[in-house]
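Scroll down for the structure; my scribbles are underneath it.
The values are calculated or read from the model by the stated rules, or taken from the named source; none is laboratory data. All of these numbers come straight from a predicted model, not from anything done at the bench. Cβ placement follows ideal geometry from the backbone for every residue including glycine, while neighbour counts extend to all protein chains displayed.
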């Protein structure tokens, strides 16, 4: 079921304008002139501020506040889940081979997307549909690149255009990250300017996280541990707090046991809604089994399910599952649906 994208205001010693004068008398000064000067300088040094500790304290304070609001109201204001079902088209607007988002001309793709949204709304009228464009923004590559990390980030123009497409069509946006031989600590901060927008959310894809594998993307299926997912959660939670945003949604792709390790150690935060997303392609039986084995029986928070226009129907007589089939045959019913 593998698939590959491949893609000086204060005083200081130097600023003191004074002279040390020896007054006449029978006593002597305590210490030398240089020692006294140093003593004055020491008292003039500003206190060292541990900004990391302050930020950590602020994060804990905001987390406790968010917890209390969530416990009282069920969720934070502006939370998308579980009051909506997100339906997303996946890919890259500059690449035909990465998914439906860029495979067809823009207006043709959007017309198809509106039909898909209606299919899901008709299948479950109880939940409003939140349409989304899920854009692969940092993409695993077959070539190492200048720094040997096997990944490439979209241009600012491409990211901005994708977000504008979303805003013009009532969608939210997911910026998806495939780190290659890099890691989340070195990649996520690149997306922070866009994540300050309330409609922009994030996805992380362990399939292409190859640092612990030591090979280029495409050779093996990569992996993330709970600590990596927690890093992404904390990163998004900080952005939510600092910018007074509604909760972010984080999708985590998964279709094998080894793609996520120590899932029980994933630490949830009300500022970030985590979707474990069954991302594999294949016939309906195989897809349902994978959902049960890696999503249903290893629960984190919310669940997702991917449908592939090109690969799910192969070979005949297999077919891509309909909205009604997904809702009837999967437990729990996924709240995030993605088409590639």
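Table: residues versus (1) exposed (fewer than 15 other Cβ atoms within 10 Å of the Cβ); (2) more than 30 Å from residue 157 (Cα to Cα); (3) at pLDDT 50 or above; (4) in contact with a helix residue (DSSP H, G or I) (Cβ under 8 Å, 6 or more places away or on another chain).
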{"residue": "45", "(1), (2), (3), (4)": "yes, yes, yes, no"}
{"residue": "60", "(1), (2), (3), (4)": "yes, yes, yes, no"}
{"residue": "78", "(1), (2), (3), (4)": "yes, no, yes, no"}
{"residue": "99", "(1), (2), (3), (4)": "no, no, yes, no"}
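Beta carbons closer than 7 Å, at least 6 apart along the sequence or on distinct chains, pair a first residue in the stretch 220-240 that is at negative phi and surrounded by fewer than 18 Cβ atoms within 10 Å (Cβ to Cβ) with a second that is assigned to a helix (DSSP H, G or I) and at pLDDT 95 or above for 226/263; 226/265; 231/184; 231/185.
Residue check: residue 249 meets all listed conditions (1) surrounded by fewer than 20 Cβ atoms within 10 Å (Cβ to Cβ); (2) closer than 27 Å to residue 74 by Cβ; (3) out of contact with any helix residue (DSSP H, G or I) (no Cβ under 7 Å at 6 or more places or on another chain) but one, namely (1). Kindly establish whether residue 152 is in a helix (DSSP H, G or I) and in contact with a strand residue (DSSP E or B) (Cβ under 8 Å, 6 or more places away or on another chain). In short, no. Of the listed requirements (1) crowded, with 17+ Cβ neighbours inside 10 Å; (2) at negative phi, residue 91 misses just one: (2). So for the stretch 109-118 (the condition being closer than 18 Å to residue 239 by Cβ and touching a strand residue (DSSP E or B) at 6+ places or on another chain (Cβ under 8 Å)), does at least one residue qualify? No, because not a single residue in the stretch 109-118 is closer than 18 Å to residue 239 by Cβ and touching a strand residue (DSSP E or B) at 6+ places or on another chain (Cβ under 8 Å). Any residue at all in the stretch 280-288 that's crowded, with 16+ Cβ neighbours inside 10 Å, touching a helix residue (DSSP H, G or I) at 6+ places or on another chain (Cβ under 9 Å), within 26 Å of residue 235 (Cβ to Cβ) and at pLDDT 95 or above? The answer is no; no qualifying residue exists. When you look at residue 327, is it outside any loop (DSSP other than H, G, I, E, B) and modelled with pLDDT of 95 or more, yes or no? Answer is yes for this residue.
Scanning the stretch 279-309 for residues that are part of a strand (DSSP E or B), closer than 18 Å to residue 91 by Cβ and under 17 Å from the mean Cα position of the chain (by Cα) yields a total of 1. Scanning the stretch 170-188 for residues that are surrounded by fewer than 22 Cβ atoms within 10 Å (Cβ to Cβ) and either at pLDDT below 95 or in contact with a helix residue (DSSP H, G or I) (Cβ under 6 Å, 6 or more places away or on another chain) (or both) gives 184, 188.
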